[in-house]
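Colleague: Quick one: the structure is below, questions incoming.
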Amino acid sequence: MVSMENNLNILLLLILLFPFAGFLLSGLAGKSLSKQIIGILASTAVFIPFVFSVIIAVNIGNGAISLKLFDWIHFQNLNISFSLFADSLTALMLLVVTGVGFLIHVYSIAYMWDDEGFSRFFSYMNLFVFFMLILVISSNYLVMFIGWEGVGLSSYLLIGFWYDNHENNNAAKKAFIMNRIGDLGFLLALFLIFTTFNSLEFSTVFGSNALMSVNNNTIFWICLLLFIGATGKSAQIPLYTWLPDAMAGPTPVSALIHAATMVTAGIYMIARSSILFAFAPEVLGLIAVVGIATALLAASIAIFQNDIKKVLAYSTISQLGYMFAALGVGAFSGAIFHLVTHAFFKALLFLAAGSVIHALGGEQNINKMGGLSKKIKVTTLVFLIGCIAISGIPPFSGFFSKDEILTSLFEKNPLLWILGIAGALMTAFYMFRLYFLVFKGNFRGSEDTAKLIHESPKLMTIPLIVLALLSIVGGFIGLPEWMGSQHFLENYLSPVFNASIQILNHNTHLPISEELILILISVIGVLIAIIFSWYIYLKNYKVINNRVASVFLIFEKKYWVDEIYEFLFVKPTLWLSNTFYSIVELKWIDGIVNGVGILVSRSGNQLKYIQNGFTEFYVFMMVLGIIALFVINFLIR
Amino acid sequence: MLAFFTLGLPLVASIIVLFLKNKQTIRNISFIFSAIIFVSTLFYFPVFHNSTSTLPVKIIENMLYFSMDGLSYLMLLLTSFAGLLIVSASFIENHERSHIYYSLLFLAIFALTGVFTTNNALMFYIYWELALIPVYFICAYWGSEGREKITIKFFIYTLFGSLLMLAALIYLYVKTPYPHSFNFEAIYQLVLTETEQSWIFWAFFIAFAVKIPIFPFHTWQPDTYTVAPMSGTMLLAGIMLKMGVYGMIRLMLPITPLAIVQWGTFASILAVIGIIYASIIAIRQTDIKRLFAFSSMAHVGLLAVAVLTLNKIALQGAVIQMLSHGVNVIGLFFVAEIFMDRMGTRNIANMGGVAKIAPRFALFFMIILLASIALPLTNGFVGEFLMLLGIFQSNVLIAVLAGTGIIFGAVYMLWLYQKSMYGKQNENITSFPDLKLREILLFTSLVIIILWMGLIPSPLLNIAEPAINEILKTF
């Protein structure tokens, strides 16, 4: 048993080393290696950690493993070590990051093949995986913060991957800066945690003794600040506007970073800190409200977007909103469950969208697509699977996770459930809108493009098929109790969440009959939404589309939030910058300084005639002064 | 013997170089000298590492009042390393009368070494002023257009500050019991009333605030950093401004504890205003050196706040950040010089698309930029994290306001990087040769230090700790 544990410990380190080595190798030696080798190396650098993650996940059981590498910032009053940690929650995250990450790496080999920055791309991708893994296997908040900022950096580098175009660069910069705003919240939370617990180590902070002695007001602020950090990384109100712009990056990046993994970091962080949040019910309430509001806001925008990736981006924000809502009502394992299934079907949808874009030679406007189902059959099929999964139709994965969340919302407050259902209906509606507009009907693009359309190579379709299978069966890890089975995932995660759930103390499980009624309502609603979508976008396409554009401008324009932020924050800052410099700095402060200077030089006019320059005068005065000092010294003695 | 290499060699080098003729010889000899100085300083490392003694180590007994505690040693380490970097970087500028140039460089290093190691207030003042002279001449003779007026302003401004310090020091001297003494130890033992302390506090504070610089005593700084030659800017920003912070720690904390309790918050607010003010101004600067100048001002404002909080964690952070900032700012101004060298302009509007034609430069620039915006695992993070944590513990609001600096830092630095390195190649750029071997070596050594300090800062913290404990004993 002991040796087993030791070996598992070492795996924690090895998991990190492979992607880091991959990053260095394709980054530094990229020019001298062939594309095949880089592709294989980079994918292997993620696959090996996946194998290790499987080993950890299988063996972790109820326990936890940790590995201290070295003292990072260490002196008498403060000791922060660089140490790693894994329990079942970590193991699950490791599986998602490395598993989905590996598939996306493989897909990228074909997708990025003709790009001149091929090696740079894989270098950044490995770097991202490295930081994401640090984030999930950290054993204290500061090491987590390394991963937290590190994924932000990789995201910045990858959004702006095609840096010739300043639109991409602006998107990258926006993502980094908005994340930094959240990061300041996170950082302040760490300060407060350290000040309160004198440690940033999870084991110390979450230890019941420490927690019991802290007053709730402090915990409230810690949790609020952590949540602010999470809104940045996980694109929630008010810091979500960077994510749609982040679609400027290559599509595999959108799939890996801006859908499946990085954006879930906020969910993971809050789930990891669940015990703290259990002591801050007000913050949990806020999280639930912000989550559901974000879910609805983003869904309403997604309906009216015409860029295939933008629709998926808003859908991601919306789904993250569900996860936050779940966290907010204390359904921690429900949130993680949805995180996992979402990683499958959203990565699938993005990669399939990439396949569509690939097939059309770069076209992303869904108004110029249509009828693709005849030409790219595999992509069509997997995309449809993704749509069914995200819409929550049984027995696909999204059904189980989403209904678990909806049920938890109902248990907390039926109003939340109603809002959740509204979001779910919108989700089904816009996802099938996307499906019908892209794959059904007639092709609306130019004839030149029509000739180009081709199915993607196997290297792309195989990962798609694997993800499609996962999207179908992924929900079975969390079969609900009304199906007469043990909830595998909930049991698996129970060592992590048990304590927090006990504190929150809501054992008011709905009776199975009521739960079934809720599910029936949501499934029927979703089916109606799909039929509605079919009626509008397939059967009756042209007429409605034109009317939509004028009446629902507010959704199409995304509630003008970007414009409002521009007006409230960006413009005033730039104005301040100019004003500070040209008026306050040059006219006022420097004006006073110069004024004093002129005054002094006028009154000292006589000296000017005696001395021929300031320097000489100064040196002379200094020598004189020093002599005078010695004289004074001598006299006093 | 070691003491001679560390303390005396810069002066010897300064004199020897003056008599050399051949440009190449001068460069090589200067490099060798600065390398010896740095290596000899490194030899002290074991003396201070894990040393439990809080007492300063006397370098030269009964002579010239030199002694070192961990703090002095770290400053010396910075001075000698930064000196080595500056001397090595100087090859990129083609100096006329280079024997004088290098001689002045060594003179500055000599004076700075003195400032950081003396334990006598008079010597402190003399070295402090002595450091100014070579930098003044370097800026005045090798600077760019408009330097005359600007360097004189810089000179008078800092002179004005130092005179206040001198007045305070003389007052303290007179207060010491007979026979009067300028020794730090004697001055530390003075019992001063709160009023006396307040006067001395402000005299010191203004002197140091000008040097660092702290808002609103900063207006000499952006101009001077901009027109000074690269090495002058590096000297000023990399090492000389730390004299101010060092002075605050060495003189203000032990001598005016009551006044700091009374006035510290007020002074911190000035510094915080400076952080935000300089950060916001940096956003719209179009001259790359001026942008770095304002960025530097924002960073050192945080240093001042950290020192004034009297919090041990913040002070430890400040010490680390003094070293980090020294390294990073030298890197940044070297980046600026690369642009000057390749394009002959500092105007960001004329840049663009450099990443594609100079990928190695792009990589190094990015790493130094990340260190400057305090990304974890770089040196910049350790210092800023500790400082903000310490400040947070003593005043949450100030920490939050000062923390906005990390957001603004990302704004202007990423903007700069985007405009200069990304996008389409600017039509003004006909060619932009990627880094040469010497430049790569210089950048590589910077990057090694950046990552080493970011990953293993504990030995440095360990060295600083006893000295900080000793200084905070008063409170």
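Colleague: Quick check: is even one residue across the stretch A:588-597 away from chain B (no Cβ under 11 Å), over 18 Å from residue B:282 (Cα atoms), outside any helix (DSSP H, G or I) and modelled with pLDDT under 85?
Modeller: No, the stretch A:588-597 contains no residue that is away from chain B (no Cβ under 11 Å), over 18 Å from residue B:282 (Cα atoms), outside any helix (DSSP H, G or I) and modelled with pLDDT under 85.
Colleague: Does the stretch A:434-455 hold any residues that are crowded, with 23+ Cβ neighbours inside 10 Å and part of a loop (DSSP other than H, G, I, E, B), and which are they?
Modeller: none
Colleague: Here is a follow-up. Which condition breaks for residue A:428 when tested against (1) of a type in the set (A, V, I, L, M); (2) surrounded by fewer than 24 Cβ atoms within 10 Å (Cβ to Cβ); (3) within 27 Å of residue A:473 (Cα to Cα)?
Modeller: (2)
Colleague: Another question, if that's okay. Determine which member of the set A:255, A:210, A:298, A:259 is within 30 Å of residue A:165 (Cβ to Cβ), touching a Phe, Trp or Tyr at 6+ places or on another chain (Cβ under 6 Å), without any contact (Cβ under 8 Å) to a residue 60 or more places away in the chain and more than 14 Å from chain B (Cβ to nearest Cβ).
Modeller: Answer to the selection: A:298.
Colleague: Find the residue count for the stretch A:177-199, including only residues that are within 19 Å of the chain's Cα centre (by Cα) and either more than 7 Å from chain B (Cβ to nearest Cβ) or of a type in the set (D, E, K, R) (or both).
Modeller: The number of residues fulfilling the criteria is 8.
Colleague: Still on this structure: Just the residues that are over 22 Å from residue A:459 (Cβ atoms) and assigned to a helix (DSSP H, G or I), please, taken from the stretch A:354-372.
Modeller: Within the stretch A:354-372, A:366, A:367, A:368 qualify.
Colleague: Among B:282, B:293, B:318, which is crowded, with 24+ Cβ neighbours inside 10 Å, over 15 Å from residue B:214 (Cβ atoms), within 14 Å of chain A (Cβ to nearest Cβ) and of a type outside the set (S, T, N, Q)?
Modeller: Step by step, each of B:282, B:293, B:318 is checked, and only B:282 is crowded, with 24+ Cβ neighbours inside 10 Å, over 15 Å from residue B:214 (Cβ atoms), within 14 Å of chain A (Cβ to nearest Cβ) and of a type outside the set (S, T, N, Q).
Colleague: Out of all the residues in the stretch B:347-386, which are closer than 20 Å to residue A:188 by Cα and within 11 Å of chain A (Cβ to nearest Cβ)?
Modeller: If the condition is that a residue be closer than 20 Å to residue A:188 by Cα and within 11 Å of chain A (Cβ to nearest Cβ), then B:373, B:374, B:375, B:376, B:377, B:378, B:381, B:382, B:383, B:384, B:385, B:386 are the ones that fit.
Each row is one residue, and each column tells you yes or no for (1) at pLDDT below 90; (2) farther than 12 Å from residue B:109 by Cβ.
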| position | (1), (2) |
| --- | --- |
| B:11 | yes, no |
| B:16 | no, yes |
| B:22 | yes, yes |
| B:27 | no, yes |
| B:33 | no, no |
| B:38 | no, no |
| B:45 | yes, yes |
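Colleague: Could you list, in sequence order, the residues of the stretch B:25-54 that are exposed (fewer than 15 other Cβ atoms within 10 Å of the Cβ) and not in a helix (DSSP H, G or I)?
Modeller: B:43, B:49, B:50, B:52, B:53
Colleague: Kindly evaluate residue B:429 against the criterion of being surrounded by 15 or more Cβ atoms within 10 Å (Cβ to Cβ) and free of Cβ contacts under 8 Å to residues at least 24 places away in the same chain.
Modeller: Judged against the criteria, residue B:429 is not a match.
Colleague: Right, something else. Considering only the stretch B:191-235, give the helices (runs of 4 or more DSSP H) lying wholly within it that have at least 3 residues that are among the small types (Gly, Ala, Ser) and away from chain A (no Cβ under 14 Å).
Modeller: Helices (runs of 4 or more DSSP H) meeting the threshold: B:194-211.
Colleague: Only one of B:111, B:82 is more than 22 Å from residue B:333 (Cα to Cα), part of a helix (DSSP H, G or I), among the aliphatic types (A, V, I, L, M) and at pLDDT 90 or above; which?
Modeller: Only one candidate qualifies: B:111.
Colleague: Would you confirm whether or not the stretch B:135-149 contains a residue that is assigned to a helix (DSSP H, G or I), out of contact with any strand residue (DSSP E or B) (no Cβ under 7 Å at 6 or more places or on another chain) and polar (S, T, N, Q)?
Modeller: no
Colleague: For the stretch B:166-190, what are the residues that are among the small types (Gly, Ala, Ser) and assigned to a loop (DSSP other than H, G, I, E, B)?
Modeller: Hit for the stretch B:166-190 is B:181, nothing else.
Colleague: Could you name every one of the helices (runs of 4 or more DSSP H) located completely within the stretch A:79-176 that has at least 1 residues being more than 14 Å from chain B (Cβ to nearest Cβ) and buried (at least 24 other Cβ atoms within 10 Å of the Cβ)?
Modeller: In the stretch A:79-176, the matching helices (runs of 4 or more DSSP H) lie at A:88-111, A:118-137.
Colleague: Name the single residue, out of those in the stretch B:177-190 being of a type outside the set (Phe, Trp, Tyr) and at the interface with chain A (Cβ under 10 Å from one of its Cβ atoms), that is nearest to residue B:249 (Cα to Cα).
Modeller: B:181
Colleague: Same structure again: Looking at (1) surrounded by fewer than 21 Cβ atoms within 10 Å (Cβ to Cβ); (2) over 24 Å from residue B:253 (Cβ atoms); (3) of a type outside the set (Lys, Arg), can you tell me which one residue B:401 breaks?
Modeller: It fails just one condition, (2).
Colleague: Please specify each residue of the stretch B:152-174 satisfying the condition of being β-branched (Val, Ile, Thr) and at the interface with chain A (Cβ under 10 Å from one of its Cβ atoms).
Modeller: B:152, B:156, B:170, B:174
Colleague: Among all residue pairs at least 6 apart or on different chains, which show Cβ distances below 8 Å where the first residue, located in the stretch A:25-42, is crowded, with 16+ Cβ neighbours inside 10 Å and the second is of a type in the set (A, V, I, L, M) and not in a helix (DSSP H, G or I)?
Modeller: Pairs that qualify, where the first residue is crowded, with 16+ Cβ neighbours inside 10 Å and the partner is of a type in the set (A, V, I, L, M) and not in a helix (DSSP H, G or I), are A:25/A:33; A:26/A:33; A:41/A:33.
Colleague: Further question: Does the stretch A:1-11 contain any residue that is more than 14 Å from chain B (Cβ to nearest Cβ), of a type outside the set (A, V, I, L, M) and closer than 30 Å to residue B:316 by Cα?
Modeller: Scanning the stretch A:1-11 turns up no residue that is more than 14 Å from chain B (Cβ to nearest Cβ), of a type outside the set (A, V, I, L, M) and closer than 30 Å to residue B:316 by Cα.
Colleague: When you check residue B:283 against the structure, is it under 13 Å from residue B:404 (Cβ atoms) and modelled with pLDDT under 95, yes or no?
Modeller: Spelling it out, residue B:283 is indeed under 13 Å from residue B:404 (Cβ atoms) and modelled with pLDDT under 95.
Colleague: Only one of (1) at pLDDT below 95; (2) part of a helix (DSSP H, G or I); (3) among the hydrophobic types (A, V, I, L, M, F, W, C) is not met by residue B:245, so which one is it?
Modeller: Among (1) at pLDDT below 95; (2) part of a helix (DSSP H, G or I); (3) among the hydrophobic types (A, V, I, L, M, F, W, C), residue B:245 violates only (1).
The values are calculated or read from the model by the stated rules, or taken from the named source; none is laboratory data. Keep in mind that what you see is a predicted model, and the values were worked out from it rather than measured. Ideal geometry is used to build each Cβ from the backbone, glycine not excepted, and the neighbour counts take in all protein chains shown.
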